[in-house]
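The values are calculated or read from the model by the stated rules, or taken from the named source; none is laboratory data. Being a predicted model, the structure only gives us computed values, none of them experimental. Heads up, the Cβs are rebuilt from the backbone with ideal geometry, glycines too, and the neighbour counts pull from every protein chain shown. When the accessible area is computed, the model is the full protein with side chains, heavy atoms only, and any ligands, DNA or RNA have been set aside. Shrake-Rupley method; radii C 1.70, N 1.55, O 1.52, S 1.80 Å.
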Amino acid sequence: MSQSKGRYQQNLRADAARVLFQILEQGMSARECLPAAQQDHNEKDKAWLQEMTYGVLRQLPLLQHWLRLLLDKPLKKNVKVVEHLIMLGFYQLAFSRVSTHAAVSECVNACVPLNAIATKGLVNAVLRNFIRQDTAQNLPDNEQVLSGQPKWFYKKLVDAYPDNYKTILDAMQVKAPIWLRVNNKYKSTDEYCRLLDEREVAYERQAAQHQGIILSKGCDITTLPGYDEGWFAVQDGAAQLAAGLLGSQPNDRVLDCCAAPGGKTCHILELQPDIATCVAIDIESSRLKRIEENLTRLGHQATLICGDASKPTSWWDGQLFDRILLDAPCSATGIIRRHPDIKWLRKSSDIDVLVALQSKIIDAMWALLKPGGTMLYATCSILPAENQLQISAFLNRTPDALLDDKFENDAAQKPGRQILPGEKQMDGFYYARLLKA
């Protein structure tokens, strides 16, 4: 291997170790730190960094188990990042096709750009012991560790889904597919599929989402037909259900609450271009920019407001809405397979805080809804406290709120529809449709 090739490889592994350190030790999200690590790499290397980082996050409890077996004592703060480098080595040896020699030698070399030259011998010894002792076959008799989930979340899943939690756990460890939503303002779904056929891009369609296409393998989205022209958006199949369930009609005044990054806002406008007004709010101005970018690319217009959904008096103009989509802030536990850093950034105590915030927002938004109007409550969570229990409590305390039993087995005791990860290749999602008497 040439010197330049070796330097290139070692920086790649060092970058992956730094990202893992930032997520697991400093509480940064992958959306914050991964793009920064990827910026000096080509597309292939960017994909490698994401795959390796997400792979370690998916298998973290098992990798930590092996680390405790082979590392005599935890490393000190100034070289703590090396523990994450070692776990990256474990992941490559146990779960990837990289050669044994490359996994060991390049991880050892990565100690240099990590400013941990003194640990090169340690990294070499630990990884070689991993190979020599066939540690990858040393699986603990602990279902939580093998599930890849933190203890708090594992327990909540078992409690909530005692009959099928294992199926859910398996689905959450599988890499999520890429869903597209065809922008029918410009192309019908059939027309866009013909364009993909011409490019020999493999895909499949789902009947429930007439604009939805699932790509058969990953690709650079920006190279697909019509990206710059706004012919499609990237949006999971479960999220694509929102606009249809909201059911906006011509001349409706519509509010998309907690709207960033704007995928559902755009879909609402695509399904019903004749609504009178579409207002999208979000509490963070930086996230409003994402909505604006998506609206511009996809050729739509909406009124954007930076505001706190729990305090509408600070931004609301006093006009009631016919339809409100409340995509409530949540634990995001339904999209862990797509963003595995989520499960390590959340704590059990976060759920009670989120439930209280959701309750405050839904009450505030209900006051903005016209009599006879419709509110669609949505989360990308699979925890009952944020979903069925939240809506049941709201119905109990709100005399003029009625459940629109739109879903099979929809009832006040267990309202709405809970989509579980992997169901028809969708993310975990929850919907409840409410009518104001």
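In what sequence, highest mean first, do 372-380, 345-353, 263-271 appear when ranked by Cβ atoms within 10 angstrom?
Descending packing order for the listed peptides: 263-271, 372-380, 345-353.
List the DSSP H helices in the chain whose Cα atoms stretch 24 Å or more along the helix axis and whose mean Kyte-Doolittle hydropathy is at least -1.0.
Span-like helices here: 3-24, 348-366.
What area, in nm² and to one decimal, does the C-alpha convex hull of the stretch 215-328 cast on average over all directions?
The directionally averaged projection comes out at 7.5 nm².
Could you pull out every residue, at least 5 positions away or on a different chain, whose amide H is within less than 5 Å of the one on L420? Hs are placed 1.01 Å off N in the peptide plane, and Pro or chain starts have none.
Here F429 satisfy the definition.
Along each principal axis of its Cα atoms, how long is the chain end to end? Whole angstroms, biggest number first, please.
71, 48, 39
Could you give the semi-axes, largest first, of the ellipsoid that matches the stretch 281-388, computed as the square roots of 5 times the alpha carbon gyration tensor eigenvalues and rounded to whole Å?
Equivalent ellipsoid semi-axes, largest first: 25, 20, 13 Å.
Quick one: the Cα spread of the stretch 239-436 along its three principal axes, in angstroms, biggest first?
Per principal axis, max minus min of the Cα coordinates gives 39, 38, 34 Å.
Please calculate how many Å² of accessible area the stretch 239-436 carries per residue, with a 1.4 Å probe and no DNA, RNA or ligand atoms counted.
Spelled out: the 1.4 Å probe surface of the stretch 239-436, per residue, equals 40 Å².
If E408, E292 are ordered by their accessible area, calculated over protein heavy atoms with a 1.4 Å probe, which sequence runs from highest to lowest?
Order by accessible area, largest first: E408, E292.
I need the phi-derived Karplus couplings for the stretch 212-217: 6.51 cos²θ - 1.76 cosθ + 1.60, θ = phi - 60°, integer Hz, Gly and Pro marked x.
x, 9, 10, 6, 6, 8
Of Q22, A118, H101, whose Cα points farthest to the positive end of the dipole of the stretch 12-140 (charges on the beta-carbon: +1 Lys, Arg; -1 Asp, Glu; origin at the Cα centre)?
The one lying farthest along the dipole's positive direction is A118.
What percent of all Cα-Cα pairs in the stretch 1-151 falls into each 5 Å bin, going from 0 up to the bin containing the maximum distance?
2, 10, 20, 24, 23, 14, 7, 1, 0
Where the accessible area of the chain is counted over protein heavy atoms with a 1.4 Å probe, how much of it, in %, is carbon and sulfur?
Whole-percent figure for carbon plus sulfur exposure: 49.
Give me the tail of P(r) for the stretch 178-234 as a percent: Cα-Cα pairs with distance above 15 Å.
Counting pairs separated by more than 15 Å, the tail of P(r) holds 39 percent.
Please work out the average accessible area per residue across the stretch 1-146, using the 1.4 Å probe convention, and give it in Å².
Spelled out: the 1.4 Å probe surface of the stretch 1-146, per residue, equals 52 Å².
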